[in-house]
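See structure below.
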Amino acid sequence: MTAEPALHGTDVELLNRLTDAKTKLLQQMARRIVGQHEVLEGILTAILSRGHTLLVGVPGLAKTLMVSTLADALDLKFSRIQFTPDLMPGDITGTEIIEEDLTTGKRAFRFVHGPVFANVVLADEINRTPPKTQAALLQAMQEHEVTAAGTTYHLPEPFFVLSTQNPIEQEGTYPLPEAQLDRFMFELRVDYPSRDEEEEIVEETTSQDMPDVTPVLNGPDLITMQNLVRRIPAPKTLVRAAVRLARMTRPRSGDAPSLVKEYVDWGAGPRASQYMVLGAKARAALDGRPMADLDDLQSVALAVLRHRVMVNFAAEAAGRSAQDVCSELIQEGAWMKNEA
């Protein structure tokens, strides 16, 4: 069973505009960022899906510059939070202060917004702060709200969090709890540049000038594009495949293959299915196509699953990571079979 394309008239025009905007966005970001095309497309996919992204890579790979450049290209308010062991929740969300009215002499509490009140929030080295402070982002990421002293404040829209994390095990780090990892749509791996790319990086960054970035879209434009992605139809076969793949990562599910039963403790939850379908829709939209297909789903599946699957001791003993298990599962392709 396949759904018919549901985009007509204005939506088709928006789709063409989005494809053009993607090309211009990547061109503007290339003025400061050399290479990393897959990572940049992954970030754009997550943003169009209203999802948050975890960027994993060693220091010095321009993760912070990617996020700030993206904010410039989208003409959005950018905020950077450097996570450290002594960071407190109020340093992120904001805090109440006592303010005196000079005219009447009366004192009252006033909430001072923290750096989370921005469109693009960079949580830099998020695993360097204790869980108590990490948790300050949970409500913001899920409900786009902050509650302080019994009052709820809405965050500006669009809103998304891009966090960076160093994969090298070092002292003074706190692994993100599963509940917080699940709120990130994608985990994107930022790898070393090629030799030619590194030479270009060195030439550009040791000169005097930092290239300017011209905004391509703004906040209202982006919200319009996000709504367009939601309107793109998902064929029943696509939904079934996403659900089947997510269920195959759960060792106690009847859909789980022997690989998962042997090496996995906990699999991905329903959020993984939702994000795989949304990611597939966003990929289709970025390519100018009015309907997502299984290739789109396959292109986002690993980024959605690898931080949601928890491997056991047997996997560690065999040198198998969650990424290894998920990659093998995706490539094996049993989840693509069209079953009623």
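The values are calculated or read from the model by the stated rules, or taken from the named source; none is laboratory data. Everything numeric here is computed off the predicted structure, so don't read it as measured data. Please note: Cβ atoms are built from the backbone with ideal geometry, for glycine as well, and neighbour counts cover all protein chains shown.
Observations, loosely collected:
- Listing of helices (runs of 4 or more DSSP H) fully contained in region 131-229 that carry 3 or more residues being in contact with a helix residue (DSSP H, G or I) (Cβ under 9 Å, 6 or more places away or on another chain) and either among the acidic types (D, E) or farther than 30 Å from V12 by Cβ (or both): 131-134, 138-143
- Any hit, region 189-206, residues being closer than 24 Å to Q323 by Cβ, among the aromatic types (F, W, Y) and surrounded by 15 or more Cβ atoms within 10 Å (Cβ to Cβ): no
- Any chance A246 is at pLDDT 90 or above, in a helix (DSSP H, G or I) and touching a Phe, Trp or Tyr at 6+ places or on another chain (Cβ under 8 Å): no
- Within region 252-340, helices (runs of 4 or more DSSP H) holding 3 or more residues that are under 21 Å from R183 (Cα atoms): 270-286, 294-305, 322-332
- Qualifying residues in region 108-119 (those that are of a type in the set (A, V, I, L, M, F, W, C) and either in contact (Cβ under 8 Å) with a residue 60 or more places away in the chain or outside any loop (DSSP other than H, G, I, E, B) (or both)) - the one nearest to S68 (Cα to Cα): V112
- Region 120-141 residues that are free of Cβ contacts under 8 Å to residues at least 12 places away in the same chain, paired with ones that are surrounded by fewer than 19 Cβ atoms within 10 Å (Cβ to Cβ) and acidic (D, E) (beta carbon under 9 Å, 6 or more apart): Q139/E145
Residue-by-condition table, conditions (1) in contact with a strand residue (DSSP E or B) (Cβ under 7 Å, 6 or more places away or on another chain); (2) at pLDDT 90 or above:
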residue	(1), (2)
Q36	no, no
T45	no, yes
L48	no, yes
V58	no, no
L61	no, no
M66	no, no
S79	yes, yes
P85	no, no
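- Some residue of region 155-163 being more than 15 Å from L122 (Cα to Cα), touching a strand residue (DSSP E or B) at 6+ places or on another chain (Cβ under 6 Å) and either modelled with pLDDT under 90 or surrounded by 12 or more Cβ atoms within 10 Å (Cβ to Cβ) (or both): no
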